[in-house]
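Bear in mind that the values in this text are calculations on the coordinates, not laboratory data. These numbers were taken from a predicted model, which means no experiment stands behind them. Reconstructed Cβ throughout: ideal geometry from the backbone, glycine too, with neighbour counts over all protein chains shown.
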Amino acid sequence: MKHKNYFIPGLVSFAMLSVFSVAAQNTKTLTLNQAIELSIKNSGQLKIDNAKVEEATGYRQEAWNNHLPDVKLSGSYLRLNSPTVDLKVKVGSGSSGGSAPVKVDQAAYGILNASVPVFSGLRIKYGVESAKYLEQAAKLDVENDKEEVIMNTANAFSALFKAKEYVGLVKENLKQQQQRVTDFSNLEKNGLLARNDLLKSQLQESNIELTLLEAEHDLQITYKNVNLMLGLPDGTEVNPDTSGFHIAEPGSLAQWEETAHQNRKDFASLSYREKAASTAIKATKGEYYPGIAITGGVIAADVPNVLTITNAMNVGVGLQYNFGALWKTGAKVTQANAKLRQIQATEGMLSDRIRLEVTQAYQNYLLSLKKIDVYNKAMAQAVENYRITKNKYDNSLVTTTDLLEADVAQLQAKLSSLLSKADALVAYKKLQQTAGVLSISK
């Protein structure tokens, strides 16, 4: 009976693992590039951005349509109640020279007018130009957010890889510890091992089981996050294919900074917005000038018993000028200039921020490469330390505590060495993102 409690954590662990196994509906192996393609396809943010591009395209089309003529058609049909009609033009050829009485009880007319702008103070031209710049900026916003989606996917992919590897290592360590408990139990029964040493081993086994439960819990949450990000069904177990993982050369910081200023989509987008603001100033100043248009129209009317008008066409040139623009447009120009200065100041701040982001990402990548070397050395040292400690323990030269500590150190060193490569991959992806080339070289 006294050994029954030692198996309870194991039974709980087995039950939890069984539940997780049943919950998983299918397994899907994906490379990082495949995961990126799925996340881009299913990204809600990118769908919003694409809708904004369509909106900007609509504004640009609307601005260009101002070149087209305005055509207006109006007409009316009227019922009249015995009006008094006094024609100033004499009708008929009677000797009296008078006009015959006219009865009018209805009338109808129609007017068709067309106007084609010829000159509008260049407001149309600059309006179209500004709308084109804003459309390009919206497209670049999509590319910038796409890089953010790719970066988030890389982080999630790395987190999934690390979670699965951690679970695997803990399971392996648990098996070794369970075997050690079995061996120690036999030794304790034969009086070759102190009861206290067996309890230490059993305590470590329980700690590893708790660690495994927490690792499995974290893995299930990571699965959920990845499934939502990639648009996969709930319960899908994604196996990250890390065959494409490789360590790239860091290059020089100056090269990365130059690449960033050439390829950062947010910087280019802001540049287009600066051009749009500058063009908007010209369009606003166009309100100082008159508008000239070619006009034409057709009029038709019918008043029974009185007159009928057909083929009454007119063509001419129309001039329109709003004198209020002389004292109202100045405030609009001031606002447009202020907006341009804001964008220019933001552009300067963004340039400095890009340099800082690139420097941080570059140094972080260098650090991750150095950590790989250190962790590899530490793993080799931990493995050798465990081997030596195990030999000493077998020869009763060290305590059980020393052996267990060496085992834990070996596990931690293996895990750190393995995960450092995933951290380096994420650090390099971050460096690519800060340089604006992540979507190009995904």
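Listing for the model above:
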item: About the Cα centre, charge dipole magnitude for segment 300-442 (Lys/Arg +1, Asp/Glu -1 at Cβ), debye; result: 300
item: Placed amide H near Lys28: partners under 5 Å, 5+ positions off or other chain; result: Glu237, Val238, Asn239
item: Spacing of the two label points (7 Å from each Cα toward its C-beta) at Leu397 and Asn66, in nm; result: 9.0
item: Dipole of segment 386-442, positive end: most advanced residue of Ser420, Thr400, Leu438 [Cβ charges, Cα centre]; result: Leu438
item: Prolate/oblate/rounded label for segment 103-155 (Cα gyration tensor, a/c 1.5); result: oblate
item: Karplus 3J(HN,Hα) series, Hz, for segment 283-294 with 6.51 cos²θ - 1.76 cosθ + 1.60 (x for Gly, Pro); result: 5, 5, 5, x, 5, 6, 9, x, x, 10, 8, 8
item: Furthest towards positive pole of dipole, Gln176, Met349, Leu134, structure part the chain, Cβ charges; result: Leu134
item: Computed E for Lys377/Ser351 - FRET, C-beta separation, R0 41 angstrom, nearest 0.05; result: 0.50
item: Stretch gain in nm, segment Leu73-Ser243, where the contour uses 0.36 nm per residue and the Cα spacing is subtracted; result: 54.3 nm
item: Efficiency of FRET from Cβ geometry, Asp183 and Gln45, R₀ 60 Å, rounded to 0.05; result: 0.60
item: Val116 versus Asp302: modelled label distance in nm, points set 7 Å from Cα along the beta carbon direction; result: 3.1
item: Greater than 32 Å apart at Cα, pairs in Lys171/Lys377; Lys41/Lys421; Lys339/Lys429; Lys139/Lys421; Lys125/Lys429; Lys189/Lys377; result: Lys339/Lys429; Lys139/Lys421; Lys125/Lys429; Lys189/Lys377
item: Built amide H within the under 5 Å cut-off of Leu193, gap 5+; result: Glu188
item: Signed unit charges on C-beta, dipole axis of the chain, positive-most listed residue Val116, Gln360, Leu30; result: Val116
item: Pair-distance profile P(r), taking every C-alpha pair of segment 177-300, with 5 angstrom steps and integer %; result: 2, 7, 7, 6, 6, 6, 8, 8, 8, 7, 6, 5, 5, 5, 3, 3, 2, 2, 2, 1, 1, 1, 1, 0, 0
item: Projected area, mean over directions - the chain, Cα convex hull, nm²; result: 39.3
item: Most mobile listed residue (Asp407, Asp49, Asp105) in the chain, GNM with C-alpha springs under 10 Å; result: Asp105
item: 3J(HN,Hα) from dihedral phi, segment 309-321, Karplus parametrisation 6.51/-1.76/1.60, rounded to Hz, x for glycine, proline; result: 10, 9, 6, 8, 9, 9, 9, x, 10, x, 10, 9, 9
item: Dipole in debye (nearest 20) - the chain, about Cα centre, beta carbon charges: Lys, Arg +1; Asp, Glu -1; result: 1020
item: Amide N proximity, segment 103-136 versus Thr295 label position 7 Å along Cα-to-Cβ, cut-off under 14 Å; result: 112-118
item: Förster radius 41 Å - calculated FRET efficiency between Glu54 and Thr310 (Cβ-Cβ, nearest 0.05); result: 0.35
item: Loop-located chymotrypsin sites (Phe, Trp or Tyr not before Pro) in segment 295-374 whose Cβ has at most 15 other Cβ within 10 Å (DSSP); result: Tyr321, Phe323
